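Since every read-out is calculated from the coordinates, none of them should be taken as a lab result. This is a predicted model, so every value here is computed, not measured. Neighbour counts run over all protein chains shown; Cβ positions are idealised from the backbone, glycine included.
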Amino acid sequence: MRIISFNANGIRSAANKGFFDWFRAQDADVLCLQETKAQESQLADPQFRPDGHHCFYKDASTKKGYSGVAIYARREPDEVRTSLGWAPFDDEGRYIEARFGNLSVVSFYIPSGSSGELRQGFKFEVMDWLRPVLDGWLASGRDYVLCGDWNIVRSRLDIKNWTSNQKNSGCLPPERDWLNGVCADTSGWVDAYRALNPEGQDYTWWSNRGAARANDVGWRIDYQFVTPSLRESLRGCAVARAPRFSDHAPFTVDYDRPL
């Protein structure tokens with residue numbers, strides 16, 4: 001089973017840069033997209049239905065052309081969910097879940113707080129509200145793969161300029177403490193990349209300012225977190241830095257289990 005997570009920073013923009021041509025060559029079972037920045041009615045072109053994949057969207061209802069998540073699946077899911085029951089989060093189009101038997105694949109887009117105190121405050125609200133949801137999923141007995149842009153780094157290994165970013169959203173100590181708590185010990189969520197690359201320093205996002213991407217001044221904020229039941233099925237992963245479709249890079253994980 002191959003799952004790809006990608007923040008497109010505009011699905012139509014990424015498509016114009018050749019993303020779906022690249023995707024067709026990846027032999028992926030599931031694609032989780034974030035920041036589609038479109039309404040489903042704007043995605044009628046066949047390029048947004050690649051190779052017969054089943055496509056599901058959760059658009060932002062609060063502001064058109066904002067946020068938005070999607071799941072493309074080779075196999076038709078048994079069920080698709082788009083609401084976690086808290087309107088401030090749901091209405092921004094930040095969660096979609098596809099269920100295949102006992103396996104759930106989720107596309108998440110956690111808010112950024114980089115635009116100011118108001119959005120940083122909302123980000124902290126989301127973190128507090130989401131933790132019991134994540135704990136409930138862990139205890140449910142289902143297998144979960146949580147894909148997405150979480151807008152938080154976990155450690156010094158996940159960001160080029162660690163010291164200078166300690167007061168910036170995405171690297172704030174309370175944010176890191178929260179995310180590392182989610183992934184705590186052997187009973188918490190498993191960070192697929194870190195499980196496969198304990199000392200790896202690959203990044204998944206680079207600022208558009210300056211030559212951040214060319215100089216690899218990046219952040220690892222795009223993840224696939226899995227339930228402990230899937231730890232032994234992790235076989236490999238890759239960050240596709242090129243071609244460039246977005247300020248993020250697609251992140252692929254291979255699992256030794258069928259969809």
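A few remarks follow.
- On the beta carbon distance between R257 and D216, with R0 = 45 Å, the FRET formula returns roughly 0.85.
- Calculated [θ] (222 nm, deg cm²/dmol) that DSSP helices of n ≥ 4 give over the chain, each run adding -39,500 (n - 2.57): -5500 deg cm²/dmol
- Nonlocal Lys pairs with alpha-carbon distance under 19 Å, the chain (8 or more apart, or different chains): 6
- Computed over the stretch 118-210, the alpha-carbon pair-distance distribution with 5 angstrom bins reads 2, 11, 21, 24, 20, 13, 6, 2, 0, 0, each value a whole percent.
- Counted by neighbouring Cβ atoms within 10 Å, the residues E232, E199 run from fewest to most as E199, E232.
- Those Cys residues of the chain for which no other cysteine Cβ falls under 4.7 Å: C55, C171, C183, C237
- Each of E40 and W178 was given a label point 7 Å from its Cα along the Cα-to-Cβ line. The distance between the two points is 2.9 nm.
- Restricted to Cα atoms, the stretch 2-255 shows a radius of gyration and a Dmax of 16.9, 46 angstrom.
- Per-residue extension of 0.36 nm, minus the Cα-Cα distance of R74 and R119, leaves a gain of 12.7 nm for this segment.
- When the trypsin sites (Lys or Arg not before Pro) in the stretch 177-259 are filtered for DSSP coil states and for at most 13 other beta-carbon atoms within 10 Å of their beta-carbon, the remaining sites are R209.
- Remark: the W86-R235 segment gains 50.1 nm on full extension, using 0.36 nm per residue and subtracting the alpha carbon distance.
- Mean separation of Cα pairs under 8 Å and 6 or more residues apart, divided by the residue count, gives the chain a relative contact order of 20 percent.
- The simple spin-label model puts a point 7 Å past each Cα toward its Cβ; for K17 and Q201 those points are separated by 2.5 nm.
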